[in-house]
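What follows draws every value from the coordinates through simple rules; no lab data is involved. Worth saying up front: this structure is predicted, and the values here are computed from it rather than measured. Using ideal geometry, Cβ is built from the backbone for each residue, glycine included, and neighbour counts are taken over all protein chains shown.
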Amino acid sequence: MGGPWQEPLTQGFAALLKPAAFRGLLCAGPPRGRNVTFVAPRRWLTDWAEVDTEEAIDTLALAHLGAYGPAGPDEFARWFDLKPALAKKSFARLDKAGRIAQVDVESTTGSVPADLLDALTAKPATKAPTVVLLPAFDPYVVGSTRRLEQIGANGHKAAVSRPQGWISPTLVVDGWIRGVWEQVGDQRTLTPFARLSKVVRRQLGSDVVVA
């Protein structure tokens, strides 16, 4: 690309592309090898419809709470760079409509989608834990960087959220961060934050070495 756009883009994407993205004129497109692309949503999507602003914010808030809740309007506003007043009005609308519910987790109050409340409070169907090895920069961990201590990284936050914005690959057991791992060749080396149960170790597989 030449002309007046070339120099600003060589300094970073934010100055030109973020304003366009905020206005719904631009979104991330499919990568071309190692190169990123951007497209106009109206040209890329086969079905495009304008959505009311308040409805769009409410939909986004419910999706955020479904993934990262319990949370409050301040965290929602911070994550999406939204004006706090708009976030608070959205939570008020959703609360009035009965679409969110207030819960208390270890003396911390936040909101979750009301339609997920039964599933969140139900007893597990099986006693076997859910064990996953999440990759670096996994959205679950990235979206929880302010609450790492509360979701299992007690005393080990620096191992998960490292300098220069690096988010480590993590071991997550039933939603709780229980360690970090790294790939060396065909082998994965896990550094747990505490002693792991035999059940968890069995689910990790033979290609994972516990440090």
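Applying 1/(1 + (r/R0)^6) with R0 = 25 Å to the Cβ-Cβ distance of residue 207 and residue 130 gives a FRET efficiency near 0.85.
Near residue 128, once Lys and Arg are set to +1 and Asp and Glu to -1 for all other residues with Cβ below 15 Å from its Cβ, the sum equals +4. Projecting the Cα atoms of 91, 109, 148 onto the charge dipole of segment 68-154, computed from C-beta unit charges around the Cα centre, puts 91 farthest toward the positive end. Test of understanding: in a Gaussian network model of the chain with alpha carbons linked when under 10 Å, which of 142, 39, 184 would top the mean-square fluctuation ranking? Comparing 142, 39, 184 in a Gaussian network model of the chain, the most mobile one is 39. Give the shape of segment 74-120 as rounded, prolate or oblate, defined through the alpha-carbon gyration tensor: a ≥ b ≥ c are the square roots of its eigenvalues, a/c under 1.5 means rounded, and otherwise the shape is prolate if a/b is larger than b/c and oblate if not. Taking the square roots of the gyration eigenvalues as a ≥ b ≥ c, segment 74-120 is oblate. Ranked by how many other Cβ atoms sit within 10 Å of their own Cβ, fewest first, the residues 140, 68 fall in the order 140, 68.
So if each residue of separation counts as 0.36 nm, and I subtract the Cα-Cα distance between residue 67 and residue 197, what length gain in nm does that give?
Length difference between fully extended and current span is 44.1 nm.
Note on segment 108-211: Cα Rg divided by 2.2 N^0.38 Å, N the number of residues, gives 1.15.
By the beta-carbon count within 10 Å of each Cβ, the least crowded to most crowded order of 48, 79, 181, fewest first, is 48, 79, 181.
Residues considered: 146, 162, 23. Largest GNM mean-square fluctuation over the chain, using C-alpha springs under 10 Å, is found at 23. By the gyration tensor of its Cα atoms, with a ≥ b ≥ c the square roots of the eigenvalues, what is the shape of the chain: rounded for a/c under 1.5, prolate for a/b over b/c, or oblate? Because a/c hits 1.5 or more and a/b fails to exceed b/c, the chain counts as oblate. The charge dipole of segment 54-211, taken about its Cα centre with unit charges on the Cβ atoms of Lys, Arg (+1), Asp and Glu (-1) only, comes to about 440 debye. Dipole of segment 131-210 computed with +1 at Lys/Arg Cβ and -1 at Asp/Glu Cβ about the Cα centre; of 199, 160, 137, farthest Cα towards the positive end is 199.
Which of the three applies to segment 155-194, rounded, prolate or oblate, going by the alpha-carbon gyration tensor with a ≥ b ≥ c and a/c under 1.5 meaning rounded? Here segment 155-194 falls in the oblate category. Cut-off under 20 Å on the C-alpha distance; same-chain residues fewer than 8 positions from residue 127 excluded. Which lysines are left, in chain and number order? Those lysines meeting the cut-off are 198.
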